[in-house]
1. Mind listing whichever residues of segment 487-523 are buried (at least 24 other Cβ atoms within 10 Å of the Cβ) and in contact with a His (Cβ under 8 Å, 6 or more places away or on another chain)?
2. Would you confirm, using the coordinates I've provided, whether LEU504 is away from ligand 1 (no atom under 16 Å from the Cβ), assigned to a helix (DSSP H, G or I) and either farther than 30 Å from SER455 by Cβ or of a type in the set (Gly, Ala, Ser) (or both)?
3. Filter segment 327-377 for residues that are charged (D, E, K, R) and in a helix (DSSP H, G or I); which is nearest to ligand 1 (Cβ to nearest atom)?
4. Sort out which residues of segment 395-420 are within 22 Å of GLU354 (Cβ to Cβ) and assigned to a loop (DSSP other than H, G, I, E, B), and write them in order of number.
5. Would you point out which residue out of GLY245, GLY237 is in contact with an Asp or Glu (Cβ under 7 Å, 6 or more places away or on another chain), farther than 18 Å from TYR129 by Cβ and small (Gly, Ala, Ser)?
6. Of the conditions (1) under 28 Å from MET448 (Cβ atoms); (2) assigned by TED's automatic domain parsing to the domain that holds ASP179; (3) in contact with a Pro (Cβ under 9 Å, 6 or more places away or on another chain), TYR113 satisfies every one except a single condition; which number is it?
7. In segment 295-308, is there at least one residue being away from ligand 2 (no atom under 16 Å from the Cβ) and closer than 26 Å to THR547 by Cα?
8. So, in segment 450-471, how many residues would count as being touching a Leu at 6+ places or on another chain (Cβ under 7 Å) and not aliphatic (A, V, I, L, M)?
Amino acid sequence: MWNHLRFAAANLARSRRFSTVNPGPCIVHKRGADILHDPWFNKDTGFPLTERDRLGLRGLLPPRVISFEQQYDRFLNSYRSLEKNTQCQPDNIVSLAKWRILNRLHDRNETLYYRVLIDNIEEFAPIIYTPTVGLVCQNYSGLFRRPRGMYFSAKDKGEMMSMIYNWPAEKVDMIVLTDGSRILGLGDLGVQGIGIPIGKLDMYVAAAGINPRNILPVMLDVGTNNEKLLQDRLYLGLRQPRLEGEEYLEIVDEFMDAVYARWPKAIVQFEDFQMKWAFKTLERYHKRFCMFNDDIQGTAGVALAGLLGTVRAQGRPLSDFVKQKIVVVGAGSAGLGVLKMAIQAVSKMTGCSELAAKSQFFLIDKDGLVTTERNNLDPAAAPFAKNPRDIEGLTEGASILEVVKKVKPHVLLGLSGVGGIFNEEVLKAMKESVSTKPAVFAMSNPTMNAECTASDAFKHAGENIVFASGSPFENVNLGNGKVGHVNQANNMYLFPGIGLGTLLSGAHLITDRMLQAASECLASYMMEEDILNGILYPSISGIRDVTAEVGAAVLRAAVEEELAEGQGDVGPKELAQMSEEETVEYVRRNMWFPVYSPLVHEK
Ligand SMILES: NC(=O)c1ccc[n+]([C@@H]2O[C@H](COP(=O)([O-])OP(=O)(O)OC[C@H]3O[C@@H](n4cnc5c(N)ncnc54)[C@H](O)[C@@H]3O)[C@@H](O)[C@H]2O)c1
Ligand SMILES: O=C(O)C[C@H](O)C(=O)O
Ligand SMILES: [Mg+2]
C-alpha cells in the first residue's frame, strides 16, 4: 500500500517535471545532418515535424516522432537490460559497459544524457565519477572513440593563444584542468587523466546546473613518467618524460593567459595535480585568476564539515571540536589542505594562534609520524610536524598503529591513496578511542585505494563508529535491524557550489572566506536527528539542493568581501539586497535544466 502510494507520487512528480518546463528558443547556425551530429542540438527521433521542415531534417529521420519521455524510458530500459545481461560478469567489465552506454548517449544527445543523469544521480555518479572514472582513465587510450574537451601539450608552446579559439563555444564559464600527474589514488596516468575533468564537469552540470555548452574539460599534456604508458603503443599522449621546473610552469602560464584572454570571467578548477604542482600553481595563480584547487581546498571543506559532524554525532556542542584528537594519514595535497583548514577552524573557535591550535592534530605520511626530527622534512608538511617534546611515548616515524594506540584519537582520517592501510589491527585499536563515537574516514579514491572498506570498519572498529569514505560503499547490515551508515566524504558536495556561487557573484577571485562559507554551509546542512544516527552528509539524490545552499553561501561571502560584481542584469547592489532565502532561490533559478528547446535557424 505505502509502496504503491510512493510509486504513484513519484510518477506524478516525474510527469510534472516532463510537462511543466517551457523552454525559450535556441538559435542554431547549422542545418540538416550537421544538427543530428551535434549533441548540443540533437533530439534524435524527438524532432517535431515542423522543426524537421524548418531545419532541413525531413527524410533524415524515421517518420515517427518519439517524445522526450519515451526516449528517456527507452534509454533506461536498455540500461536495465545491460544490467540484467551482465549479472555474472566481473564488476570491472560491467562498470565499463555501463560507462560506455552512458558515454554513447553523451556523445549523441546531451539534453537526454543530462536529464537521465540528473534524475538518477545517485545511481549514475559511481559510473561517471569515482570509482568507475578511475577505471576509465586507466583504459582511456583503448576506450577513446570521440574527443571531448581540449588537449594542450608541451608541443603546443607558443600556440595556445590561437588554439584556445578552436573551441567552438563563444562562452565558457567553468574549466576543469588536469595534467594527469595524480589521478585519484592511481598515480600518473598522463593524457588518460582527461576522464577526471570530464567527470567533474558532468557533476557541475548535474549538481550545479552549469550549462553544458559553457563547460570545458582540459588536459595539459606535459609528458608522463609512467613507464607502462610510455611503452604502450596505443597510448595517446606525448611519449616523453614530464616537463619539470620552469619549463613546466611556462606551459601552465601560457595556458592560463590564453584562457583569460578569451574568457576573462571563466573559473578554472585545478584537479589531480601531483602535490608539488598543486601547491605551486595555487600559490602562483590564486590572486591573479578566478581559480581554486579542488583537491586541496574542496576536499578540506568537505572533510571539515564531516569532522564537525562527528562532534555533533557524539552529542557534543560544536565548540568541543577544539578538544578532538585527529590523526591524518597522508601528507599530500589533500591531507595538508584538510589539516590547514581544520587548524584554522580551531584557531577561530578558541581565539588562540594556529600554532597552539595544532596540538590536537597528528600527521602521518609514508615514513610514519611526521616530526620536526624528520630528515629532509617537506616544507609543505613542516608546519604540522610534531615537536618530539609534545608526543611522549611516540617517536619520529611511528607507525599508524603505534600512533592510534598511543593517541586514542576521536578521528582517524585517511588521504594516503593506499588501499587497506587501516588494517584489522589499526581498526581494532580505534576501539580504545577516547570518543564515545569514534570516526573512521577512509577518503582515498577509487574504491580499491580506500584505507579500509566500510564492512571492515564496522566489524573491527565497532558498530558505534561513524564511517565515511571517498568512494561509495553500501551501508553495512549490522544484524538485528541495525545499519552501519556509510557517508561519502567527497569534494563533490562542495566544488559545484563553489563554482556556481562564484560565477553568479561575478567575483574575479576565490578567497578563503568564500571557501570557508561553503564548508560551514555543508556542516550545518544536516539535522540533529540524522547526525546522531551517524549521517554526516546529505543524500546525493538531493545534490542540487545542497549546491543551491552552498552556492548561495559562497555568493554571500563574495558580497561581504566586496568582490561581487554580479552577472547579467543582477549587479552587486541587487545581490547585496537579497535575503539569505532570496539568494538561495536566485542560485536555484540559475541552474540549467535539460529540456528540448525549440530550435531556430539563423545563418
Ligand atoms: N574524498 C575526497 O574528496 C578526496 C579528495 C582529494 C583526494 N582524495 C584522495 O586522497 C588520496 C591522496 O591524494 P593527494 O592529492 O593528497 O595525494 P598525494 O600523492 O599528494 O599524497 C599522498 C600522501 O600519502 C602518503 N602516503 C603514501 N603511502 C603511505 C603509507 N603507506 N602510509 C601513510 N601515508 C602514505 C604520502 O607520503 C603522501 O603524503 C588519493 O587517493 C585521492 O583520490 C580524496
Ligand atoms: O575525484 C574524486 O572523487 C575526489 C577527489 O577529487 C580525488 O582526487 O580523489
Ligand atoms: Mg581530485
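1. ILE510
2. yes
3. Across segment 327-377, the extreme among qualifying residues is LYS340.
4. Once the filter is applied, which keeps residues that are within 22 Å of GLU354 (Cβ to Cβ) and assigned to a loop (DSSP other than H, G, I, E, B), segment 395-420 yields PRO409, HIS410, LEU415.
5. GLY237
6. (2)
7. Yes: one or more hits.
8. Adding up the residues that qualify gives 5.
The values are calculated or read from the model by the stated rules, or taken from the named source; none is laboratory data. Just so we're clear, the structure is a prediction, and the values are computed from it rather than from any experiment. Reconstructed Cβ throughout: ideal geometry from the backbone, glycine too, with neighbour counts over all protein chains shown.
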